[in-house]
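To start, the structure under review is shown below, and the notes come after it.
Rule-based calculations on the coordinates, nothing more; no lab input. Computed from a predicted model, the values in this text were never measured in an experiment. Cβ: placed from backbone, ideal geometry, glycine included. Neighbour counts: every protein chain shown.
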Amino acid sequence: MAGPSVEADKVSGPEGAPPSSSRSSVYREVGPELFSDLRAAKYRRIVLQVPAGLTRNFASLGEEIRTATGAQVVHVTRACFGACDPPSPSEAPGAQAIVTLGHAPIPNMPLALPTYFVEMRTSEGDVQRLAGSVSRAGLPRRLGLVASVQHLELLPRLEVALGAQGFETHVGGGDRRLAYPGQALGCNYTTAQGLEGEVDGFLFVGTGLFHPLGLAFSVERPVWALDPLQVDVTPPLDREKMVQKRLLTIAKSMDARRWGVLVSSFAGQDRRAMASRLAEKATERGWSAEVLIFDRLDPRDLTGRDLDAYVSTACPRIALDDGSSYDRPVLTPPEFLSALGERPLLPYRFDTFH
Ligand code: SF4
């Protein structure tokens, strides 16, 4: 590959910034421990960030924090998709701390303010019934287990129950973007990728298809999903079809000569060094490349631009999950390198955000 490697860009935020662990506290759930820690820190102004799926109780939680601490509580209303997009200073002027719900910290992401992560864990789930469903669904005996942060606590008990059913289970450690072994993050499934040689399939434990889809792009083993609340095993997604769709998108961008390189300013999505290198690769070929900076991207922001295709260095799920909402092809960085002929199309490589 000519020039510096895109994969060499392993830094999620500004170089030299302290990692999040120096400024973060982690809680299983909203409770007395969180309130007493906030009270002890004597904050006057706290910003509360709640992801889309948990907004129902945000007002009462704000009131609880206010009552317990005496601090003013400000709500961030924009949708929050991950620990990667903490509130900016302009969203929370004067705030001294952030309370964020439903996400684990991203250990290698710098934090501008002390941040209190409430992971909203649950240990709900009858592991004997769950293991029975897995067994009846005919999964391979050598299984890698991956879970959303909310359901991680099920894994040790589920391993024992699956072991009793004759399964050999593995839980892998991830890279420095992940806080826990076995953890799934929509942009990083290194807990699974490290196990590929030892297992014949993966079992995702959690709800919805967001993680099974990302996991299926990341590993070349079938991925089943186990909903611990519904006791339901979902058969593997058709990885070949998913990859074919991406290859088609790459093919559509092959004639592109005017590229937009997308960069998010969110602390945990910011890969502007990588964006510069990708833009250089385009210009070395005599093509044009405009770097477009945003925080949260709306497809309407890109309509009407004089560009043929985009490569997104922001959240990889913009291209993979939402790509059809854009009127031009949107590639991930590894896909862009394939479009340039710098890496083979196959095996397909997920844009793991390190
Ligand atoms: S970059 Fe995307 S997938 Fe990763 S944590 Fe952020 S929103 Fe989730």
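Descriptive notes on the structure:
- Positive-end extreme of charge dipole, the stretch 266-321 - chosen from Tyr310, Leu292, Gln269 (charges on Cβ): Gln269
- Value at 222 nm in deg cm²/dmol, rounded to 500, when DSSP H runs of n ≥ 4 in the chain each add -39,500 (n - 2.57): -8000 deg cm²/dmol
- Among Ser253, Ser264, Ser135, Ser312, sorting on how many other beta-carbon atoms sit within 10 Å of each Cβ, with the fewest leading, yields Ser135, Ser253, Ser264, Ser312.
- Cβ charges +1 (Lys, Arg) and -1 (Asp, Glu), total dipole of the stretch 20-118, debye: 200
- Rounded to the nearest 20 debye, dipole of the chain from Cβ charges on Lys, Arg, Asp, Glu: 340
- Phi-based couplings in Hz for the stretch 124-141 (Karplus 6.51, -1.76, 1.60; Gly and Pro marked x): 4, x, 8, 5, 5, 5, 5, 5, x, 5, 4, 4, 5, 6, x, 6, x, 6
- Projected over all directions and averaged, the alpha-carbon convex hull of the stretch 192-282 occupies 8.5 nm².
- Gyration tensor verdict on the chain (Cα atoms; rounded if a/c is under 1.5, prolate if a/b is larger than b/c, oblate otherwise): oblate
- Per-residue ³J(HN,Hα) for the stretch 218-223, Karplus 6.51 cos²θ - 1.76 cosθ + 1.60, θ = phi - 60°, Hz, x for Gly and Pro: 7, 10, 9, 10, x, 10
- Whether the stretch 127-237 is rounded, prolate or oblate, judged on the alpha carbon gyration tensor where a/c under 1.5 counts as rounded: rounded
- Cβ-Cβ FRET estimate between Ser265 and Arg157, R0 fixed at 41 Å, reported to 0.05: 0.50
- Two numbers describe the Cα atoms of the stretch 240-339: Rg and Dmax, which are 12.4, 34 Å.
- Sequence-distant residues sharing a close amide H with Leu292 (under 5 Å, placed H): Val261, Leu262, Val263
- Per residue, the average separation of C-alpha pairs within less than 8 Å and at least 6 apart gives the stretch 127-237 a relative contact order of 28 percent.
- Percent antiparallel among DSSP beta bridges (both partners in the chain, rounded to 5): 10
- In sequence order, the stretch 104-118 has phi-based couplings of 8, x, 9, x, 9, 9, x, 10, 7, 10, x, 10, 9, 8, 10 Hz under the Karplus curve 6.51 cos²θ - 1.76 cosθ + 1.60, θ = phi - 60°, and Gly or Pro positions carry x.
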